[in-house]
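Asker: Below is a structure I'd like to ask you about.
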Amino acid sequence: MDDSVKTGAPNSGQVLLCDIAIFGASVGAVCLARRLARAGRRVLLCAANGFLGGSLSGGLATWRTPHEALDPEAAELIDAAVRRLPLSDPGSFHPESLKLVLDEAVSAETAIQLRFHTRPTHALVDGDRLVEVEVHSKSGFERVRAATFVDASGTGSLARLAPGDVSNDTCLCVGRALLGSVSHVSARQAIVPSFNTFSVQFADTEDRPGSATKVRASFDEGRRQKTMDVWVNDGSGALVGGGVELGEGVVWTERRMTLRFVWQRSDPPTAFLRKLVAAAVADLKGRVPGFEEAYLMQVANEVSRCPLALAADDASVFDTETEASDAASRAWRGARFGERVIVTAGVASPPCAVDELRTPGLAGLYRLPDDLWFNVREGAVIEDPALSIRSFVLLSDALLAERGASPESISRVGVRRPHDEEAGPEPVWNYDVAVVGGGVSGVAAAVAAARHGARVVLIEQSGDLGGNGTTGGVTSFAGGARGGIYDEVLTELHRLGAKFPNNQAFDPEMFRLVLDRMVEAAGVDVWFGATLWDVCREGARITGARVFRSGGRHRVRAAFFVDCSGDAEVAHAAGLPTLMGRAADSLTQPVSLMYQVAMDAGYRHLDFFWKLPRGRFLINATRIPANGTMVDHLTRAEVEGRRQMWMQMDSLRRQYDYRLVQSGPRVGIRETRRIDGLYTLNQEDVIEGRHFDDRIGNCDYFLDIHNPTGKRGTVARKVPCYDIPFRCLVPKDADNLLAAGRCVSMTHEAMASLRVMPPCFIIGQGAGTAAALALRAGTTVPRLNIRLLQAALEADGIDLTH
């Protein structure tokens, strides 16, 4: 690997130099970064998500601590968020206002380099010093070299990569990462208490402002501060009602509730969480007066989890999930009701940086999830987010007291191998079909292949299936195709009341749940939180893929691979030719931050917004030029998208009664890389409605080309129904690789019609079916009998007639 320091556009292998690198994006991490930057330190602030604030913004957390208990700088940020969008609960703030305030605070510091969607993957050490951390983002793999690294993540993501003998002078843990070392303990030895917040909206059956008043009045107010037990299969949880109330007896009456649950696996618990939330809401509707008409509106996209062995009686190792769940239930109930909690030997972390500072009031405290602190001396659990923020302030004082070595002076001579490579050989997993990317095309490909008898793994880097339909906030199908798995999804959404009549909008939370159930029923192995590392290729065959997952590397071998990454990541990693943007200058369509608004009162609204139930609307109006394969572009796009959203909201509020509900978890990407396939669909094919002998489906969505510069101007043109050729899914010089979704072979213009979700479902089903049939026939993808594929697709509900 070239050791030169590169500047300009990020690329794989680039070295990023800074004095202090911080992994984590909570309010405390932001305060820490600002203090260090103002003292002349160069700071790199890396966030795994697309926003700052951690659980206080992404987790919909309730703020209860008096501001005077905070550090003055943190109090200033919180107060600014409260002022930006006042709520009915005094002292409470809207998560979106906190995101904006933190964006502005970090952007104002030139010494802070911000990176969103960036995760550490492995650490390099020299003796007992941590000298480099490799990170992964849309730009690929880069190396961060710093004098000091701070793990401020919620899961100890950096601490678990570093060897146990690394000096605290070079790798410090703060916040939830104080307990990061317990991640080395297997799932059978550690109980994982986690929490997540969801919100419900109270509304009567009549969809008009003010109709929620009588329902709200009948809700049992005494339950707001009580813990309601909601124990479901495969886990346990306690539901805490209350929190933030947004609105006064109108349709926009919202309550937020926190669900604490036990998780015993190392993967992100998001799929399990969605089942738990659905069960909790069903339970509340069955036994809480006034909850019958409650509507599940939003589930937080931040999940707090921290492996921790808690035992009310002893510290024994549990042999079965049932025993662990029962013990976790007793321990967690004990913790919540003030009984003594024991942190078992061998699982608890060594003394943390906060303890070493010997600061009165913080010595002997250990960080637990959900802003809980365990006081060792008193054996009590304390709930106070101010303590968490104070720990960051104290750490900044310690870091400023001593100046570490300059990163430019750090020698890499004699640096040991990455720590995770020392643990032993990579686990090898064998499948028939490996699908990379869990958007709608990836779900359709995985389900189709599994239904045709293949053993399938679905690899997704986030914790959600659905792609732009969930993580991008694009909660509306744009039409363009029908049939097969897409129709199955529509039918199930209608059955659940989650597909709204008279338009294309749908409920994103139920959409997630429908996709989870579909892949589970098909027998697909889903790997959440898994990042494609590299691809092994021999001639025209992809022989395997290396994936970073659960703190280590894994090797996946498969007979066939399906690239549903949206960015043609598999093809690009394999060295196959790809296309980017429009032919003239490679510019791509702009990205957008979707957001929802609600009406407080009145009836006037803008008809071109996508209408949702309960007086809500989905707005697609931000436009940010960006290359979606470059992390610095995406970071700027997230910040700029929120700025444009608030500017538009300020304008809307002058004439209409709109209130901001939420923005998408991340910006939605319209276009990046595409494969160079056996055939490239072009604009003439689309506008002339051409038919192809190797068709796998059809599409009639109009040409919808947004100006790549981000300025006003959209090329829109209706088109007749046209065929999707199978050859567009097959890369040149590849025998066992297919592409699906928006990264198939097509021009910039044709892509503007074929990129939306319904045809992506169709393309994914075609790719997955083709992979399974080629496996069964013992042939390559280019040689697959197209009549056999078409017959299978028609039998599975795809309409191939003209």
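Asker: Filtering region 103-113 down to residues that are in contact with a strand residue (DSSP E or B) (Cβ under 7 Å, 6 or more places away or on another chain) and open to solvent by 30 Å² or more (accessible area, probe 1.4 Å), which residue is farthest from Leu44 (Cα to Cα)?
Answerer: Ranking the candidates gives Ala111 first.
Asker: Which is assigned to a helix (DSSP H, G or I) and not hydrophobic (A, V, I, L, M, F, W, C), of Pro758, Pro782?
Answerer: Answer to the selection: Pro758.
Asker: Which residue is farthest from Val631 (Cα to Cα), if the candidates are limited to region 116-150 and must be of a type in the set (D, E, K, R), touching a strand residue (DSSP E or B) at 6+ places or on another chain (Cβ under 8 Å) and open to solvent by 10 Å² or more (accessible area, probe 1.4 Å)?
Answerer: Ranking the candidates gives Arg145 first.
Asker: I would also like to ask the following. Report, by residue number, each residue of region 619-669 that is out of contact with any Lys or Arg (no Cβ under 9 Å at 6 or more places or on another chain) and of a type in the set (Val, Ile, Thr).
Answerer: Ile619, Val639, Val667
Asker: Give the number of residues within region 530-582 that are touching a Ser or Thr at 6+ places or on another chain (Cβ under 7 Å), open to solvent by less than 30 Å² (accessible area, probe 1.4 Å), more than 25 Å from Thr747 (Cα to Cα) and part of a loop (DSSP other than H, G, I, E, B).
Answerer: Matching residues across region 530-582 total 1.
Asker: Separate question: Are there any strands (runs of 3 or more DSSP E) wholly within region 689-729 with 3 or more residues that are over 15 Å from His748 (Cβ atoms) and among the hydrophobic types (A, V, I, L, M, F, W, C), and if so which?
Answerer: none
Asker: Anything in region 673-705 that is aromatic (Phe, Trp, Tyr) and over 14 Å from Arg727 (Cα atoms)? List them, or say none.
Answerer: Tyr701, Phe702
Asker: What number of residues in region 642-662 are open to solvent by less than 10 Å² (accessible area, probe 1.4 Å) and assigned to a strand (DSSP E or B)?
Answerer: Count: 3.
Asker: List the number of the failed condition for Ile459; all other conditions in (1) over 21 Å from Trp527 (Cβ atoms); (2) surrounded by 20 or more Cβ atoms within 10 Å (Cβ to Cβ) hold.
Answerer: All conditions pass for Ile459, except number (1).
Asker: Here are Leu793, Leu738, Leu789, Leu773: which of them is modelled with pLDDT of 95 or more and part of a strand (DSSP E or B)?
Answerer: Leu738
Asker: Now a separate question. Return the residues of region 478-504 that are buried (at least 21 other Cβ atoms within 10 Å of the Cβ), at pLDDT below 90 and either among the hydrophobic types (A, V, I, L, M, F, W, C) or part of a loop (DSSP other than H, G, I, E, B) (or both); say none if nothing qualifies.
Answerer: Gly480, Ala481
Asker: Does region 761-769 contain any residue that is among the hydrophobic types (A, V, I, L, M, F, W, C) and either open to solvent by 10 Å² or more (accessible area, probe 1.4 Å) or closer than 24 Å to Pro708 by Cβ (or both)?
Answerer: yes
Asker: Any idea which of Thr629, Thr635, Thr680 is over 25 Å from Phe500 (Cα atoms) and either surrounded by fewer than 17 Cβ atoms within 10 Å (Cβ to Cβ) or at pLDDT below 95 (or both)?
Answerer: Among Thr629, Thr635, Thr680, only Thr629 is over 25 Å from Phe500 (Cα atoms) and either surrounded by fewer than 17 Cβ atoms within 10 Å (Cβ to Cβ) or at pLDDT below 95 (or both).
Asker: Assess whether Arg34 counts as being assigned to a helix (DSSP H, G or I), modelled with pLDDT of 90 or more and open to solvent by 10 Å² or more (accessible area, probe 1.4 Å).
Answerer: yes
Asker: Check Arg712, Arg695 and return the single one that is surrounded by fewer than 22 Cβ atoms within 10 Å (Cβ to Cβ), at pLDDT 95 or above and out of contact with any Lys or Arg (no Cβ under 7 Å at 6 or more places or on another chain).
Answerer: The unique qualifying residue is Arg695.
Asker: Name the residues in region 444-477 that are in a helix (DSSP H, G or I) and among the basic types (Lys, Arg), would you?
Answerer: Once the filter is applied, which keeps residues that are in a helix (DSSP H, G or I) and among the basic types (Lys, Arg), region 444-477 yields only Arg451.
Asker: Does any residue in region 138-150 that is of a type in the set (Val, Ile, Thr) come within less than 6 Å, Cβ to Cβ, of a residue that is modelled with pLDDT under 85 and part of a strand (DSSP E or B) six or more places away or on a different chain, and which pairs are these?
Answerer: That search, which allows pairs on different chains as well, returns Val150/Leu172.
Asker: Here's a follow-up. Name the one entry in Arg717, Arg690 that is modelled with pLDDT under 95, over 15 Å from Arg582 (Cβ atoms) and open to solvent by 70 Å² or more (accessible area, probe 1.4 Å).
Answerer: Arg717
Asker: Can you tell me which residue in region 780-795 is most open to solvent (accessible area, probe 1.4 Å), limited to those that are of a type outside the set (A, V, I, L, M, F, W, C) and without any contact (Cβ under 8 Å) to a residue 40 or more places away in the chain?
Answerer: The selected residue is Arg783.
The values are calculated or read from the model by the stated rules, or taken from the named source; none is laboratory data. Note that this is a predicted model, so its numbers are computed, not measured. Please note: Cβ atoms are built from the backbone with ideal geometry, for glycine as well, and neighbour counts cover all protein chains shown. These accessible areas exclude ligands, DNA and RNA; they are computed on the full protein's heavy atoms, side chains included. Shrake-Rupley method; radii C 1.70, N 1.55, O 1.52, S 1.80 Å.
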